[in-house]
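Everything below concerns the one structure shown next.
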Amino acid sequence: MQFSQILGQDYIKSHLIKSASSGRIPHAQLFIGPEGSGTLSTAIAYAQYILCNNTGNENENGNDSCNLKFQNISHPDLHFIYPTVTTEDVKTKPKSLDFIQDWRTFIQEMPYGGLFDWYKILGVQNKQGEIRVEDAQEVLKSLSLKSYEGGYKIMIIWMADKMNIAASNKLLKLLEEPSDKTIFILISENEEDIIQTIRSRCQVIHFNGLPEKVIADALVARENVDPNLAKKIAHQAQGNFNKAMHLVKEDDSEYPFEQWFVNWVRAAFRAKGNAAAIQDLISWSEEIAGLGRESQKKFIQFCIEMFRQALLLNYQTPSLVYIEPKVDKFKLENFAPFVNGNNIHEIFKELSDAMYHIERNGNAKIILTDLSIKLTRLIHKK
């Protein structure tokens, strides 16, 4: 992974190169950044710079055979931990090592991919991914061995906020008493979701979303997108290069969130004082309940964003509105008047509560039906 392949984040890249060149490398670092900001790509490029003894501002001029191993993400001193689930092939106690081939393919095909993309590759269905204590034991085993090339051993923990309590406690012990020449790089989108004792032992580096110009230029250079369309997509992506790539490929046919959202608010609008329309809400709840839990959570996040966009439009700030619905006869400006200061807090609370209960394995059909009936009342609130 070359530093030049990583979009933006020039200050962070320069800081990491300087720290590695001067030999002042913290034993534990925490990369915090939103999806599509390049945290994982940067961590891999940084690991390559350290392990291959590269010099200058790029991953070259070092150990050539070592740099070659990084092209396939197969260096023996680079270890990965990431959320996993049980599958047809791995029926009990899944570990990151069980999915290493899928993981390498994921990094090479989608270096800016998010958690939802990884779950789609795993085929999570109705399960929720997490990092288990078996992974932490695997870390202990890997780090107890001598390094292959006599230098550092690097452990990248992707989505560290998905560690369960047992795994967090085991990792904490390792961070408190690290073995010699061992580097941990934890990556997360939500700093607050990682336990305080782990955060306090890491040097935190914050990544920002990518500027629109950087995304637009990358789309033109890498995907041959028309410059005007690239600007529009970059605005809609909101600093997330992964989202920009999905918008370019228009691969939302499997999860038509927009259509589901419009069907939902239309049914909720009709349902006030109309008992027959309640059946539409129940049918909608059944359809969404048929998705996997991760898809349901992703959809609720999308709904929260749609309500926020409608509120911004209602309060005369069109410059901040980036979603352009493609659903037939649905205009955000017509929907906006129904989202205002009197109901947005309650709508947001109900959506957040629904996500909370789905995360904790509640019955999705009951949760979503309850949410729909509450929305019927709230959407008419003036």
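Laboratory data are not the source of any read-out in this text; all were calculated from the coordinates shown. Keep in mind it's a predicted model, so treat the numbers as computed, not measured. Ideal geometry is used to build each Cβ from the backbone, glycine not excepted, and the neighbour counts take in all protein chains shown.
For this structure, a couple of remarks:
- Expressed as a fraction of 2.2 N^0.38 Å, the C-alpha radius of gyration for the range 257-379 is 1.01.
- A simple spin-label model places pseudo-atoms 7 Å from Cα toward Cβ; at ASP226 and HIS15 they are separated by 4.0 nm.
- Measuring r between the beta carbons of GLN203 and GLU88 and using R0 = 45 Å, the FRET efficiency lands at 0.65.
- Listing HIS15, HIS246, HIS357 from fewest to most neighbouring C-beta atoms within 10 Å gives HIS15, HIS357, HIS246.
- Residue order, fewest to most beta carbons within 10 Å, for THR42, THR55, THR84, THR376: THR55, THR376, THR42, THR84
- For MET355, MET159, the sequence from fewest to most other C-beta atoms within 10 Å is MET355, MET159.
- Each 10 Å bin from zero holds the following percent of Cα-Cα pairs in the chain: 5, 21, 29, 24, 15, 6, 1, 0.
- Overall shape: prolate for the range 1-138, with the ratio a/c of the largest to smallest alpha carbon gyration tensor axis at 1.5 or above and a/b above b/c.
- Relative to its residue count, the range 6-49 spans a Cα convex hull of 70 Å³ per residue.
- Normalising the average separation of contacting C-alpha pairs (under 8 angstrom, six or more residues apart) by the number of residues puts the relative contact order of the chain at 18 percent.
- Rounded Å value of the spacing that divides the Cα centres of the range 348-382 and the range 144-172: 38
- For the pair LEU97 and ASN57, a Förster radius of 22 Å applied to the C-beta separation gives a FRET efficiency near 0.10, rounded to the nearest 0.05.
- With Cα atoms, 0 to 90° folded angle of helix 39-51 axis to the chain main axis: 0
- Length gained on full extension, LYS326 to LYS249, computed as 0.36 nm times the residue gap minus the Cα-Cα distance: 26.2 nm.
- Calculated FRET efficiency for the pair LYS213/GLU359, C-beta based, R₀ 35 Å, to 0.05: 0.45
- Rounded if a/c under 1.5, otherwise prolate or oblate - the range 180-332, Cα gyration tensor axes: oblate
- Subtracting the Cα-Cα distance of TYR315 and ASP180 from 0.36 nm times their residue separation leaves 42.9 nm of extension gain.
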